[in-house]
Amino acid sequence: MSERQEVINQITAIEKGPMALKLYMEICARCGTCASVCPIYSGEPSAKYNPVLRSDLIRSIFKKHATTTGKLLGELAGARDYTDGEIKEWVDWFYSCTGCRRCATYCPFGIDNSVITRKGRAIIDKLGLTPEKMLKVIKTSLATGNTDGASPEAFKAAVAFLEEEMKEEHGVDIRIPVDVEGAEYFYLPPSGDVLVNAEATTGMAKVFHVLGMADKWTMSSRFFDGANYGLFTGNDADMKADNKACVDEAKKLKCKVMLMGECGHAYRVMKMMMEPGKWWGDLPFKIMNCMEFTAAQIEAGRLKFDKSKNPEPVTYHDPCNFARSCGIVEEPRTILKATCLDFRDMYPNRGENWCCGGGAGLSAMDSIYEFRMNVSGKKKVEQTKATGAKYVAAACANCKKQLTQLMEFHNEKVEVGGVHDMLSRSIIINGKAAERADYTQ
């Protein structure tokens, strides 16, 4: 099948659903609201960063081949035909969108351009043009069970190191159980929260320790990464395969709760897409996020903290998938306000936050580093500076990477980490908080 026919077939298939995507092909008023609130267009107001024009790449072809008015009136109805070879330009256009869904928050019709972006990426993927780094991450995850390609032995070694560090901090054994069948909670973070930003995981370990639940949770040495890049490339088969591996592991471990870590897109795929979509039927376990769990313990008065361990001004970056797609906004603030002396909110925040500039997998693409630093991340740098904070907490491994690079690139003396990192540094165990906090391996 020719490239042109493949593209047309993929686009006309929108007629069969999902319904939201079909509606987005028909109802855009071209008012420009989405552009005015887009972090990319705000960073550089050029045509290829305008959400309407990007979406029109697909919308105009849909009108040409799937609508009566488009077939009859052509350009007068906003319709056009596909031009051979233009798909190569699409790669640049559709991988310039962070999928943050801010447009959907403000659009008078609720049009979510990230849905159209994902369709564009799906067509790109179908034609074998997905950026190499994105493909590599997916292949690694499907082959090894994590996006870092770490072996079970490497994971266990990392866990042993973290246990040694926690003992040095608190003078007691604090366990991170591994491969325990029958444990009530199966903790599934992004792999970076074990191998890179480890304080998020030690924070959870300390919570379970204080609660007297050290024997009621576990991690898996084979599946310790909830990240799912199939969501970003538009490849549903890859997304579901990555998801199913973790679901099967949860069933094998006979857990009652899959406790997702600080990774918004991982939680979104599990809780907002897989579970209601019943991809694998009814599940024998509940899905919840670790910040929901910890915030509930704090509100119940079960955890105590020494805020003096976190004296610096701290702010919170709302990961787009948590805030806009999952509605998890108060829980991280509950944790940070309980563990830090000086918490400061960014504005706007919660469901109206500005994307970090690395969403939808862009933070993994070093090939667009300059774009991420000077265009897509511009608003987030401005927001961070306005708070005067010296620490930015972000419940997302991709956000952490992007924010760290932003701060370094723009010479801002701001530390970046997770929400449970602040908890790990200030939680009181045996009457006092940690003596030290250094997880550099």
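The values are calculated or read from the model by the stated rules, or taken from the named source; none is laboratory data. Worth saying up front: this structure is predicted, and the values here are computed from it rather than measured. So basically every Cβ, Gly included, is an ideal-geometry build from the backbone, and we count neighbours across all protein chains shown. Each accessible area value is taken on the protein alone, full model and side chains, heavy atoms only, with ligands, DNA and RNA left out. Shrake-Rupley method; radii C 1.70, N 1.55, O 1.52, S 1.80 Å.
Structure notes:
- Residue in region 132-142 that is nearest to residue 4 (Cα to Cα), counting only those that are open to solvent by 20 Å² or more (accessible area, probe 1.4 Å) and in contact (Cβ under 8 Å) with a residue 12 or more places away in the chain: 135
- Total residues in region 105-121, condition more than 17 Å from the chain's Cα centre (by Cα) and open to solvent by 20 Å² or more (accessible area, probe 1.4 Å): 7
Residue by residue, here is whether (1) surrounded by 23 or more Cβ atoms within 10 Å (Cβ to Cβ); (2) closer than 19 Å to residue 150 by Cα; (3) in contact with a Pro (Cβ under 9 Å, 6 or more places away or on another chain) holds:
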| residue | (1), (2), (3) |
| --- | --- |
| 231 | yes, no, no |
| 245 | no, yes, no |
| 251 | no, no, yes |
| 264 | yes, no, yes |
| 267 | yes, no, no |
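- Check on residue 215, closer than 24 Å to residue 433 by Cα and in a loop (DSSP other than H, G, I, E, B): yes
- Only residues that are free of Cβ contacts under 8 Å to residues at least 60 places away in the same chain and either open to solvent by 40 Å² or more (accessible area, probe 1.4 Å) or in a strand (DSSP E or B) (or both) were counted across region 161-205, and they come to 6.
- Residue check for residue 155: over 10 Å from residue 218 (Cα atoms) and among the aromatic types (Phe, Trp, Tyr): yes
- Residue 241 being surrounded by fewer than 16 Cβ atoms within 10 Å (Cβ to Cβ) and either under 24 Å from the mean Cα position of the chain (by Cα) or part of a helix (DSSP H, G or I) (or both): yes
- When residue 208 is tested against (1) in contact (Cβ under 8 Å) with a residue 24 or more places away in the chain; (2) more than 24 Å from the chain's Cα centre (by Cα), only condition (1) is not met.
- Helices (runs of 4 or more DSSP H) fully within region 7-94 that include at least 3 residues being under 32 Å from the mean Cα position of the chain (by Cα): 19-24, 33-36, 39-43, 51-66, 87-94.
- Scanning region 95-112 for residues that are in contact (Cβ under 8 Å) with a residue 12 or more places away in the chain and in a loop (DSSP other than H, G, I, E, B) turns up 95, 96, 97, 98, 99, 100, 101, 107, 108, 109, 111, 112.
- For region 53-99, the set of residues classified as open to solvent by 10 Å² or more (accessible area, probe 1.4 Å), closer than 22 Å to residue 360 by Cα and of a type in the set (A, V, I, L, M, F, W, C) consists of 53, 57, 91, 93, 97, listed by residue number.
- Residues located in region 156-169, provided they are within 17 Å of residue 200 (Cβ to Cβ) and in contact with a strand residue (DSSP E or B) (Cβ under 8 Å, 6 or more places away or on another chain): 159
- Residue match in region 144-157 (condition: farther than 26 Å from residue 11 by Cβ, without any contact (Cβ under 8 Å) to a residue 60 or more places away in the chain, open to solvent by 40 Å² or more (accessible area, probe 1.4 Å) and among the basic types (Lys, Arg)): no
- Helices (runs of 4 or more DSSP H) completely within region 355-434 that count 3 or more residues being open to solvent by 10 Å² or more (accessible area, probe 1.4 Å) and under 30 Å from residue 91 (Cβ atoms): 378-387, 397-409
- Residues in region 269-287 that are in contact with a Phe, Trp or Tyr (Cβ under 9 Å, 6 or more places away or on another chain), surrounded by fewer than 21 Cβ atoms within 10 Å (Cβ to Cβ) and not aromatic (Phe, Trp, Tyr): 2 in all.
- Exactly one residue out of 338, 296, 323 is out of contact with any strand residue (DSSP E or B) (no Cβ under 8 Å at 6 or more places or on another chain) and either surrounded by 17 or more Cβ atoms within 10 Å (Cβ to Cβ) or part of a loop (DSSP other than H, G, I, E, B) (or both): that is 323.
- Matching residues in region 299-320 - criterion: being without any contact (Cβ under 8 Å) to a residue 60 or more places away in the chain and either surrounded by 24 or more Cβ atoms within 10 Å (Cβ to Cβ) or closer than 20 Å to residue 218 by Cα (or both): 318
- Note on region 211-222: among residues that are open to solvent by 20 Å² or more (accessible area, probe 1.4 Å) and in contact (Cβ under 8 Å) with a residue 60 or more places away in the chain, the one that is farthest from the chain's Cα centre (by Cα) is 211.
- Any hit, region 41-51, residues being within 21 Å of residue 91 (Cβ to Cβ), in contact with a helix residue (DSSP H, G or I) (Cβ under 7 Å, 6 or more places away or on another chain), open to solvent by 40 Å² or more (accessible area, probe 1.4 Å) and free of Cβ contacts under 8 Å to residues at least 12 places away in the same chain: yes
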